[in-house]
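Here, each number is a calculation from the coordinates, and none is a lab measurement. Every value quoted in this text rests on a predicted model; they were computed, and no experiment measured them. Here Cβ is always computed from backbone atoms with ideal geometry, including for glycine, and neighbour counts include all displayed protein chains.
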Amino acid sequence: MRIVVAGGGGFASILIHELSQTSHALLVLSRTVHPELEELYGCQVAVVDYHDTDGLRFLLQGVNLVISTIPSLEQLSLIEASRAAGVDRFVPAEFEGLTSQRPPPEVFDPYVGKGSSDARALLRRCSRSKSNPLKYTIFSCGMFYERFGPGGLQANGMGASFEIYGHRDYMIDIDRGVAQLPATGPNGRPVGIALTSAYDVARIVVAALELGINNWPHEFKMCGDRMSSMQLSRLCSEVMGMPFDVRAMSYDEITLGLQECSEPDRVAEWCFLQHLLQTANGRYHMTGDNLLNNRLSMPPMSFRDWLQQVWAVQ
């Protein structure tokens, strides 16, 4: 099988490492050269302009599977080129919460998922094409554990599509022992959160190839751990061995805070609260045992074990 990974750093590099252990032919698309990927993994890297649809279409001829780690307009061009080239299946850069719990397109949400709803809408249209359909699969995994590691997503070359880079940018500042998080959702119940390590996500995605990409559904779900937002904070406190200063916000407090942040000089605060609101609305909540990792008999690392591992060396 011929597989293309779009992107060369961050999560893409983790995927490339896992794919290099298989017998599948691998091509990496990137805006910049990556000689280290060619040297380490023996894969071919093609430097591309994602806005050159004809050039992309040429490179994608005969490709079975495209896995994207790029957001926004570049991903839309990649989807169009994949359909035109006759690619069998497309995996978009949607490695987060369940699609059914994402905010609707009309919600102004600059802090979460650039171009996410546009990409999903385009994939739905392409999959219904009678002349040249493009099948797609989304791997929903909740939050990446790496959000809560030293340096946050940025330290792992991730987070550009979320604009949450450092470990102090979302809910819990672990090394300072400070947390501001949504305690309850609109129904007054605790906010549920599913999480998975990016490394486990990559392992599970690659293992799913054995199921046959023609048998993949529109969405797979997986998670390494599940807990409430308050349990998440307590676990971080236990692992770090210090009490946390926690501001647990109700749903009403978050919505009121958003209303009060309408001034231009408070945009950063508004964005932070907007992400808390999406979390409170269940963006990362996941129920049931119909998980891809269970189906593949691949138990992921627990969040506690991961947290102890990454912070032990600090």
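Mind listing the long-range amide H neighbours of V178? Cut-off is under 5 Å, sequence gap 5 or more, other chains count too, H placed in the peptide plane at 1.01 Å from N.
Sorted by chain and number, the residues that satisfy this are D173, D245.
Ranked by Cβ crowding within 10 angstrom, fewest neighbours first, how are V63, V28 ordered?
On the way: V63 20, V28 25.
Ascending number of Cβ neighbours within 10 Å: V63, V28.
If R₀ is 35 angstrom, what is the calculated FRET efficiency for the pair V178 and N290, using the beta carbon separation as r and rounding to 0.05? Before the final figure, lay out each step's value.
Values: r = 36 Å, r/R0 = 1.04.
So, using R0 = 35 Å, E works out to roughly 0.45.
Take T99, T137 and order them by how many other Cβ atoms sit within 10 Å, fewest up front.
By the 10 Å Cβ count, ascending: T99, T137.
Can you list residues from other chains, or at least 5 along the same chain, whose modelled amide H is less than 5 Å from the amide H of A6?
Under 5 Å from the amide H of A6: L29, I67, S68, T69.
Provide the net charge surrounding T184, with neighbours chosen by a C-beta distance below 12 Å and charges set as Lys +1, Arg +1, Asp -1, Glu -1.
Working: positive: R189; negative: D252, E253.
Once all neighbours under 12 Å are counted, the net charge is -1.
Between S20 and L256, what is the spin-label point distance in nm, taking each point 7 Å from the Cα along the Cα→C-beta axis?
5.4
Based only on other Cβ atoms within 10 Å, what is the fewest-to-most ordering of E18, E96? Each step should come with its number before you reach the end.
Details: E18 17, E96 24.
Placing the least packed residue first, the sequence is E18, E96.
Roughly speaking, what is the centre-to-centre gap between region 24-57 and region 280-302 when only Cα atoms are used, to the nearest Å?
The two parts, judged by their Cα centres, are 31 Å apart.
Say we join alpha carbon atoms closer than 10 Å with springs in a Gaussian network model of the chain; which of L60, L277, L256 then has the biggest fluctuation?
L256
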